[in-house]
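The block underneath contains the structure these notes are about, expressed in structure tokens.
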Ligand SMILES: [Zn+2]
């Protein structure tokens, strides 16, 4: 593999390294990249910092200089250079810590989004698992809200992708795949298909302020977990299962007495 003659020649620096492109149109091309985030040649901030803080130079010798004066001048220079090097080291350490911190932040954000996406995938699965044979009025309302919000340009393709993967017949259009799917569904699977149709585009993490149809649908279709009552009564010494029963019996008994 030869170097790409079309590549813009990068000015060389101490951190220049050859790199091979592994993805996209120019795959296999070798280019030269700078591997230093704070390279004084390629990072304008580092270049500015270096310009603002130039390396010290030894003062020129005056015309008449005694040996002691020359010694003094040299000592001064040595001292300045030492301070300069210490300052450079301090700045390099600061940059390194800054990079490390930024990388951690980025990694934390990536992990957060991955977790969020997994939760949304699971939410979508739960909604479909709980699709009823027929929508209630409240569920139909949520379905219609999701329908209004869906992206008309991509939704057919997104949903068809799911079914296309199953029958591997990829020469059909998205609409053909979806229509064939509808025709093959038993009556009790229609609501599940309807939910998949309007919710698939909502699986990716929504932006702040956007209507989150997936969460609305979860509220309408997935029965609330009994866990919530369990956490509330967790402190009670009585067994969790027995607790609500006794409570309802007691209250109904009281009502009967009162009536
Ligand atoms: Zn560089």
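The values are calculated or read from the model by the stated rules, or taken from the named source; none is laboratory data. Here the structure is a predicted model, which is why all the values come from computation and not from measurement. Quick reminder, even Gly has a Cβ in these numbers, built from the backbone with ideal geometry, and neighbours come from all protein chains shown.
Rundown of residues vs (1) loosely packed, with under 12 Cβ neighbours inside 10 Å; (2) modelled with pLDDT of 90 or more; (3) touching a helix residue (DSSP H, G or I) at 6+ places or on another chain (Cβ under 9 Å), yes/no style:
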position: 163; (1), (2), (3): no, no, yes
position: 175; (1), (2), (3): yes, yes, yes
position: 197; (1), (2), (3): no, yes, yes
position: 221; (1), (2), (3): no, yes, yes
Considering residues that are within 10 Å of the ligand (Cβ to nearest atom), over 28 Å from the mean Cα position of the chain (by Cα) and in a strand (DSSP E or B), the number found within the range 23-43 is 1
For residue 79, are the conditions met, namely being surrounded by 12 or more Cβ atoms within 10 Å (Cβ to Cβ), away from the ligand (no atom under 16 Å from the Cβ) and modelled with pLDDT of 85 or more?
-> no
Residues of the range 134-159 classified as more than 18 Å from residue 201 (Cα to Cα), in a helix (DSSP H, G or I) and touching a helix residue (DSSP H, G or I) at 6+ places or on another chain (Cβ under 7 Å), total = 2
Could you figure out which of (1) within 31 Å of the chain's Cα centre (by Cα); (2) surrounded by 16 or more Cβ atoms within 10 Å (Cβ to Cβ); (3) part of a helix (DSSP H, G or I) isn't true of residue 131?
-> (3)
Exactly one of 97, 150 is within 30 Å of residue 50 (Cβ to Cβ) and over 19 Å from the mean Cα position of the chain (by Cα), and that residue is 97
Does residue 14 qualify as being within 14 Å of the ligand (Cβ to nearest atom), under 28 Å from residue 98 (Cβ atoms) and modelled with pLDDT under 85?
-> no
In the set 111, 92, the lone residue that is within 30 Å of residue 205 (Cα to Cα), in a helix (DSSP H, G or I) and not assigned by TED's automatic domain parsing to the domain that holds residue 205 is 111
